[in-house]
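Below: one structure, written as structure tokens.
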Amino acid sequence: MACLRQPVTCLVMLCCLWGSGYARGAQSATVHKFPLDGVEGSPRGACTYCHVSHGRMGGMRPLWDPDLSKRVYKVYESTTLQAHVGQPTGSTKLCLSCHDGTLAPGAMGPGGTTLPATIGEMLQGNLELGTDLSDDHPVSFNYDAALAASDPQIKHPQALKSGAIKLDKNGQMQCITCHDPHIDTVPGFLVMDNRGSALCVSCHQVGGWPNSVHATSTATSSSGPGPWHTQWTNVADNGCENCHAPHHAGSHARLLIHNDEERNCLACHDGSVAEKDIAAAARKPSAHGFNLYRGIHDPNENPLSAPMHVECHDCHNPHAVREGQGANLPGSLEAVSGVDAAGAVVAVATNEYEICFKCHADNPNRPPSTISRQIVQTNTRLEFDPSNPSFHPLIESGVDDDVPSLIPPLTENSVITCTDCHAGDASAARGPHGSAFEPILVRNYSTADYTTESAAAYALCYGCHSRDSILNNESFEEHTKHIVEERAPCSACHDPHGVSYTQGDTTNHTHLINFDRAIVFPSEKDELMEFSDLGPRTGECYLTCHDEDHDPENYDDD
């Protein structure tokens, strides 16, 4: 029997080599061919660190030799994950017998030759996964039709059958779904070239991705060559891996490279790759402070109750963002959730204001007002409601059919957007990232009492309303007296968003009248603070302003 053992062993090892790919010339390309006593050359130095020629562990396949770890692993978790991920199973346990870095393979060669005390001493960089797998792509879960039905962003398992990636015999995703331990013709032992995220999209089908900027841009990527894509340097080629890391991710949930969500965006959007420098805009005096929040945003959050925060993903979908203008939204705002004019959450916003309403409308954690108004309202959805006595035309065109100060092409039928007023200043990137003018305004808007009137002081208003028309009193007979002679700011009388019909009426709150209580006070005799609309360009005020009592003050163009 002794004389037969060696030929049988050689025959089994030959079959092993052929089935694994080594016999096809892949052996020289794989780092899994460990040295024996520092010398390569025999089959024992290649296969026997992992395999034995006869069953060792109760008939375990594929003839596995090393001990399996008995550690309890911390597995991947995410609020957007539909799969149930348990402890490692199947071939993943075999991979982890080395790649968790906790075990010594033991005596495997003639004379008791061993690897170092733990395999972890040989593993470098991303090769040692440890026992915390929460920062690695999930494995050992059932990838079946039920999962595909519950998660529309992954393909049906039937769609995988013709590709390079394979599920195990139990229909589970394992390490070997993406990695072939025997063949290293593609860096990282990947089963296929992942250029342009070809491997990722074999399973993932994220809406909008194929035509998105991040899938098509040839700009040099700041994420640079990494351990899984050493030969790629542009955004399109790196694809998903511009932002995501399949192993050792900085942000465990959703496997983002950096733990701070905005860092994943600013790695490129700091002017180094993307044309616009959003990082610089965010450092301006008034900005959406996405760098002030950590670990609060969640893709599944309810915008009607989420805690106050702002992150890039609140307004942008990196999988669908693209250049140009869509039907109702710029490409940069494609496929983002929102809150509509009725206050309902919508999965995909069709108007820019719906994205803004997520934070600035019904959410009780919305930002406070910067001006102490007579009628206090911080819910912008209510301020812009077309049922209001007056409002800037955000949702629908305005109620006033006579606004002589409008600068063409604006007319009384025009509709504006939030970013017509709230966006970067002239030196900043488009969008409400940051501005020199508070609150994130495209131009200056002075609200302090006794402001000297000038084109610069009220540049925001004069961007749409002709300064000449205003100072010629074409809309109101005492505009010049109030803003030039008395130096009262526009905001002393006008609330630029609007006055909710739930609080105001068409008698006292037309023409955006909602007084600033820091400047305007009740009249002395009747203790009233109101404007009464008596018809076109006609009305009267009951109030005290700049120590002048109006009880009433009448205005009539006739």
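Here, each number is a calculation from the coordinates, and none is a lab measurement. This structure is a prediction, so every number in the text was calculated from the model and none was measured. Every residue, glycine among them, receives a Cβ derived from its backbone with ideal geometry; neighbour counts consider all protein chains shown.
Mean silhouette area of the stretch 319-362, derived from the convex hull of its C-alpha atoms and averaged over all directions, reads 2.9 nm².
For ASN234, nonlocal amide neighbours, meaning residues 5 or more places apart or on other chains whose placed amide H falls under 5 Å from its own, are SER221. Annotation for ASP556 and ASP505: the two label points, set 7 Å from Cα along the Cα-Cβ direction, are 2.3 nm apart.
When only Cα pairs below 8 angstrom with a gap of at least 6 residues are kept, the stretch 347-499 shows a relative contact order of 20 percent. Shown in residue order for the stretch 476-492 are the 3J(HN,Hα) couplings computed by the Karplus curve 6.51 cos²θ - 1.76 cosθ + 1.60 at θ = phi - 60°: 8, 5, 10, 4, 4, 4, 6, 8, 9, 6, 8, 6, 8, x, 3, 5, 4 Hz (x for Gly and Pro). If you add up the charges near PRO330, with Lys and Arg at +1 and Asp and Glu at -1, over every other residue whose beta carbon is less than 10 angstrom from its beta carbon, what do you get? Result for the neighbourhood of PRO330: -1. If you take the Cα centroid of the stretch 360-425 and the Cα centroid of the stretch 448-485, the two points sit 19 Å apart.
Taking the convex hull of the alpha carbon positions in the stretch 379-558 and averaging its projected area over all directions gives 10.4 nm². Derived from the Cα gyration tensor, the three semi-axes of the equivalent ellipsoid of the stretch 195-292 are 24, 16, 13 Å, largest first.
In this rough spin-label picture, where each label sits 7 Å from Cα along the Cβ direction, the ASN234-THR131 distance is 4.6 nm. Restricting the calculation to Cα atoms, the stretch 293-367 yields a radius of gyration followed by a Dmax of 11.9, 34 Å. The mean sequence separation of alpha-carbon pairs under 8 Å and at least six residues apart, normalised by the residue count of the stretch 195-292, gives a relative contact order of 20 percent.
Cross-link reach is defined here as a Cα-Cα straight distance under 30 Å, omitting same-chain residues fewer than 8 places apart; for LYS276 the lysines meeting it are LYS284, LYS358. By how many nm would the segment from ASN473 to THR218 lengthen if fully extended, with 0.36 nm per residue of separation less the alpha-carbon distance? Gain on extension, ASN473 to THR218, equals 86.4 nm. Straight-line reach from LYS74: taking Cα to Cα under 17 Å and skipping same-chain neighbours fewer than 8 places apart, the lysines in range are LYS93. Run a plain Debye calculation on the stretch 487-558 (Cα atoms as equal point scatterers, no solvent) and give log10 I(q)/I(0) at q = 0.13, 0.20, 0.23, 0.28 Å⁻¹, rounded to two decimals, same order as the q list. After summing over all Cα pairs, the log10 values are -0.35, -0.86, -1.11, -1.40. Amide H contacts for LYS276 (H built 1.01 Å from N in the peptide plane; partners 5 or more residues away or on another chain; cut-off under 5 Å): none found.
Straight-line reach from LYS155: taking Cα to Cα under 13 Å and skipping same-chain neighbours fewer than 8 places apart, the aspartates and glutamates in range are ASP144. For TYR450 and GLU527, the FRET efficiency from 1/(1 + (r/R0)^6), where r spans their Cβ atoms and R0 equals 22 Å, is about 0.35.
State the Cα centre-to-centre distance between the stretch 167-197 and the stretch 314-344 in whole Å. First find each Cα centre; the distance between them is then 35 Å. For the stretch 399-450, place one equal point scatterer on every Cα, skip the solvent, and apply the Debye formula. What is log10 of I(q)/I(0) at q = 0.28, 0.30 Å⁻¹? Computed log10 I(q)/I(0) values: -0.95, -1.00. The phi torsions of the stretch 168-178, fed into the Karplus equation with coefficients 6.51, -1.76 and 1.60 and a -60° offset, translate into couplings of 7, 4, 9, x, 9, 7, 10, 3, 6, 5, 9 Hz, rounded to whole numbers, with Gly and Pro shown as x.
Summing charges over neighbours of ASP298, with a neighbour being any other residue whose Cβ is under 11 Å away from its Cβ, gives -3 when K and R count +1 and D and E count -1. For the stretch 350-407, taking Cα atoms only, Rg and Dmax work out to 13.0, 38 Å respectively.
Distant-in-sequence amide contacts of GLY434, defined by a placed amide H-H separation under 5 Å and a gap of 5 or more residues or a different chain, comprise HIS288, GLY424.
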